[in-house]
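The values are calculated or read from the model by the stated rules, or taken from the named source; none is laboratory data. Owing to the predicted nature of the structure, the values given are computational and were not obtained by experimental measurement. Virtual Cβ from ideal backbone geometry, glycine too; neighbours counted across all protein chains shown. When the accessible area is computed, the model is the full protein with side chains, heavy atoms only, and any ligands, DNA or RNA have been set aside. Shrake-Rupley method; radii C 1.70, N 1.55, O 1.52, S 1.80 Å.
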Amino acid sequence: MTVLTMAKALNDGLRAAMERDPKVLVMGEDVGKLGGVFRVTDGLQKDFGEQRVLDTPLAESGIIGTAVGLAIRGFRPVCEIQFDGFVFPGFDQIVSQLAKLHFRSQGKVRMPVVVRIPFGGGIGAVEHHSESPESLFAHVAGLKVVACSNPADAYWMIQQAIDCDDPVIFFEPKRRYWEKAEVDLDAAPPPLFASRVARAGSTLTLAGYGPVLRTCLEAATAAEADGHDIEVIDLRALSPLDLGPVIESVRRTGRLVVVSEAPSEASVTAEVAARVQEQCFHSLEAPVIRVTGFDTPYPPSKCEEDYLPDLDRVLDAVDRSLAW
Amino acid sequence: MSDPHDWAPSVPAVPDKRPSREHVLAALKATDEGDPNLVQLLTPEGERVSDPRFDHFAGDVDSAALQELYRDMVLVRRFDREANALQRQGQLGIWVPLLGQEAAQIGAGRAMQPQDMVFPSYREHGVAWTRGIDPTELLGIFRGTDHGGWDPLATRFHLYTIVIGNQCLNATGYAMGQRFEGRVGNAVGAGDDGSMNEATVCFFGDGATSQGDVHEGFVWAAVYDAPVVFYCQNNQWAISEPTERQSRVPLYKRAAGYGFPGVRVDGNDVLACLAVTRWALEECRTGNGPVLVEAFTYRMDAHTTSDDPSRYRLADELELWKLKDPIERVRVNLVREHAVGQEFFADVQAESDALAARFREHCLQMPPPAPDRMFANVYAEGSPTIDAQRAEYLAYLESFEPEGSLAGAGGEGV
Ligand SMILES: Cc1ncc(C[n+]2csc(CCOP(=O)(O)OP(=O)(O)O)c2C)c(N)n1
Ligand SMILES: [Mg+2]
């Protein structure tokens, strides 16, 4: 067991993947000498050289587009997008090439590319630094989308994403980068595209991913005092969704609250709600309730406490579900 | 116009097709000092030197006008430093310092006319100053109460753009509109103030020159003869990446490839920046746009208050650039060539301290936004989804508060 922050766990995971496979490259803005603005790639350029850790020119379309070319050539690029709001210049390359090449080439060309995106709010940042765009990617056929929520998952999931022969959009909850936890470097990790029961319970199911997972766990602890035994599920894989554990759980509890920082319209949480009501209709004791960011642009940071689903809003939804 | 093939530096011929790192570096810095391609009117030592092409555009700058430029730079530097301090004291979430770029911004800003439009990036506090935007109006962005407090249409100073390069296309489109509406190339008769001719200035950094949006902006502007001055402040760094991560050639030479002129100006020389921008604006107003100006300067502070430059650059470089300080050379020139006395400098100092005090006071008293601020102005024509979310959220908040205490907490337009 080692105690790691999420940022360090990702760093160690990247290092392990780079040591295993010389075709793994890290590329992005300020990832080399600086080690990334969150230091997730700290020290990698020093140890692996400038040919494997590339401080690229400042252009996200360039980062993704050249990663696609490198992947065609047999490399396994790990691209860093500096902040969620800056992925959009690269969105064309992601949607038009990265997502579709395997399909277009009838399986002859693989795209083992990871696009790492620090996402979510809560750090008091200026515009474009706090967004949760995961649903936009989950909507694109050909992409796999995951989000880690804790250091142990971060350590394993980044390596599994790099090993994956499909393109993986890898969301990292930036406000949790500095939270520490024990990581068992010898334990066999669960599969990448699998959700996970983070806390067992029987009266209500609380599902979330990324930064809000901790909020969900805190809500479960708080609800304990009122005699509620809440099950918390970390979705982890947003596309393809692994709803097996959620469905199994809802069939027992009859109640589901889904939490995410992203706006709710046409989102991952909407997909979860739709599928759960399709498959658990007869077990549901209450409608599926969603606690999300609002359908507004991410607000100035002094408003983010109002915007983000916090403990109180999650507990309020739990109460409403239980009172149904 | 510069020949795109003449960028080879004054180092031995390139041995093979691929220039070495040394060649690239030498080329990028070739016109920094003592090169005829760098437009300079005030040396770092404060000596007024002549430039046959651009002297004309600074011909009216007498002692009083130069004092005004000096005053601008001192005031702007002063509130920039105050903002840095406010961030350190937890009053701002972040600050983006302009230290070292005062001349590049004041020179360009003072070259503009009221009818011109500006598209800044996020470091253009000095340009904002020249557009009459009170420095306190910048604070909301960095304190997190708004995304820009000024009216971009009334001030003709667009909101800050943080997504690198986006504004270059927006500026080009705006300039296309100026042209489509016949606001360029009009003959200026006696008694006309010239305001029937307009131009747009787009600010961006050296790093931004790699973005597709910037290249596309160059292409569009060229194809539509848009009256836009692309004003690149090459401060040598894009966070941790030096300019050679973005280009093999000096940035101003890129213009040739798109078919318009590019000029490199000493970005620490306020007079040269003023003159070159005036020329570029005149080109645009008379229908000869676009133009690229590369203001060669240096980011004297961290990228932002969140950045630690000691991780990627040497203090020596900073020391060298200190010798080229944009304010000091004007001070020396005012004393030596215009016999400006100590009283003037003391007055400016006092004025800057008063500005800083007012700036700080304002910052400390900024009210937090109302809880429903985020629901306002998402759409021009409203949205039932947002209306419902707003109502639901306010009802939720009410459930915590004593009856009625949130009444009047904002609404549309908050
Ligand atoms: C599209 C996009 N990608 C990345 C960033 C993060 N970022 C902010 S400033 C910056 C460097 C910009 O350098 P430059 O254009 O030289 O301007 P300077 O900050 O030096 O004024 C980067 C990479 C961003 N704001 N937008
Ligand atoms: Mg720069």
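A few notes on this one:
- Of the solvent-accessible surface of chain A, computed with a 1.4 Å probe and all protein chains present, 52% belongs to carbon and sulfur.
- Accessible area buried between chains A and B, both sides summed, probe 1.4 Å, in Å² to nearest 100: 3300 Å²
- Dipole moment magnitude, nearest 20 debye, the protein assembly as shown about Cα centre, only Lys, Arg, Asp, Glu C-beta charged: 1980 debye
- Of B:Leu138, B:Leu86, B:Leu153, the one that fluctuates the most in a GNM where chain B has Cα springs shorter than 10 Å: B:Leu153
- Filtered GluC sites (Glu not before Pro), the stretch A:1-76: DSSP coil and at most 11 other beta carbons within 10 Å: A:Glu50
- Backbone geometry of the stretch A:191-205 corresponds, through the Karplus equation with coefficients 6.51, -1.76 and 1.60 at θ = phi - 60°, to 3J(HN,Hα) couplings of x, 5, 9, 9, 7, 8, 6, 8, 7, 7, x, 9, 9, 7, 9 Hz, x marking Gly and Pro.
- Summing charges over neighbours of B:Leu355, with a neighbour being any other residue whose Cβ is under 12 Å away from its Cβ, gives -1 when K and R count +1 and D and E count -1.
- In terms of accessible area, using a 1.4 Å probe and ignoring ligands and nucleic acids, B:Met374, B:Met300 rank largest first as B:Met300, B:Met374.
- Loop-located GluC sites (Glu not before Pro) across the stretch B:162-230 with a Cβ neighbour count of 16 or fewer within 10 Å are B:Glu181, with loop assigned by DSSP.
- Springs between Cα atoms under 10 Å define the GNM used for chain B, and in it the highest mean-square fluctuation of B:Leu251, B:Leu394, B:Leu99 occurs at B:Leu394.
- Solvent-accessible heavy-atom area per residue, rounded to whole Å², over the protein assembly as shown at 1.4 Å: 40 Å²
- Accessible-area composition of the stretch B:21-365, carbon plus sulfur, in percent [1.4 Å probe]: 50 percent
- With both residues required to sit in the protein assembly as shown, DSSP beta bridges show an antiparallel share near 20%.
- Solvent exposure ordering (accessible area, 1.4 Å, most first) of A:Leu54, B:Leu271: A:Leu54, B:Leu271
- Using distinct alpha-carbon pairs, which all enter the 1/r mean, Kirkwood radius of chain B in Å: 22.9 Å
- In chain A, the calculated helix contribution to ellipticity at 222 nm averages -9500 deg cm²/dmol per residue, counting -39,500 (n - 2.57) for every DSSP H run with n ≥ 4.
- Amide H contacts of A:Val291 (H built 1.01 Å from N, in plane; Pro and chain starts excluded): A:Val258, A:Val259, A:Ser260 sit under 5 Å, all sequence-distant by 5 or more or on other chains.
- Considering only alpha-carbon pairs that sit under 8 angstrom and 6 or more positions apart, the relative contact order computed for chain B is 23 percent.
- Shielding by partners, peptide B:180-192 (average Cβ within 10 angstrom, other chains): 0
- Only protein heavy atoms count here; under a 1.4 Å probe, B:Trp95 has an accessible surface of about 0 Å².
- Averaged over B:150-162, number of beta-carbon atoms from partner chains that fall within 10 Å: 1
- Under the combined filter of DSSP loop state and at most 13 neighbouring Cβ atoms within 10 Å, the stretch A:122-181 retains these chymotrypsin sites (Phe, Trp or Tyr not before Pro): A:Trp178.
- In chain B, the DSSP beta bridges split such that about 10 percent are antiparallel, to the nearest 5.
- Peptide A:57-64, shielding by other chains (average Cβ, 10 Å cutoff): 6
- Solvent accessible area, Å² - B:Arg373, 1.4 Å probe, full protein context: 50 Å²
- Measuring against 26 Å, Cα to Cα, the residue pairs A:Lys46/B:Lys324; A:Lys46/B:Lys322; A:Lys108/A:Lys174; A:Lys8/A:Lys144; A:Lys174/B:Lys322; A:Lys33/A:Lys100 contain A:Lys46/B:Lys324; A:Lys46/B:Lys322; A:Lys108/A:Lys174; A:Lys174/B:Lys322; A:Lys33/A:Lys100 as the ones spanning a longer distance.
- The listed residues A:Met1, B:Met112 rank as A:Met1, B:Met112 when sorted by accessible area, largest first, using a 1.4 Å probe.
- Heavy atoms of B:Trp129: accessible area, 1.4 Å probe, square angstrom to 10: 50 Å²
- Length-normalised contact order for chain A - Cα pairs under 8 Å, 6+ apart - percent: 16 percent
- Over chain B, DSSP H runs of length four or greater, each weighted -39,500 (n - 2.57), average out per residue to a 222 nm ellipticity of -12500 deg cm²/dmol.
- Close amide-amide hydrogen proximity is noted between B:Trp237 and B:Arg299, each under 5 Å apart and 5 or more residues distant or on a separate chain (H modeled in the peptide plane; Pro and chain starts excluded).
- DSSP beta bridges fully contained in the stretch A:130-272 are about 35 percent antiparallel.
- ³J(HN,Hα) computed for each position of the stretch B:249-257 - Karplus, 6.51 cos²θ - 1.76 cosθ + 1.60, integer Hz, glycine/proline x: 10, x, 4, 5, 6, 5, 4, 4, x
- Counting charges near A:Ser61 (Lys, Arg +1; Asp, Glu -1) among other residues having Cβ under 10 Å from its Cβ returns a value of -3.
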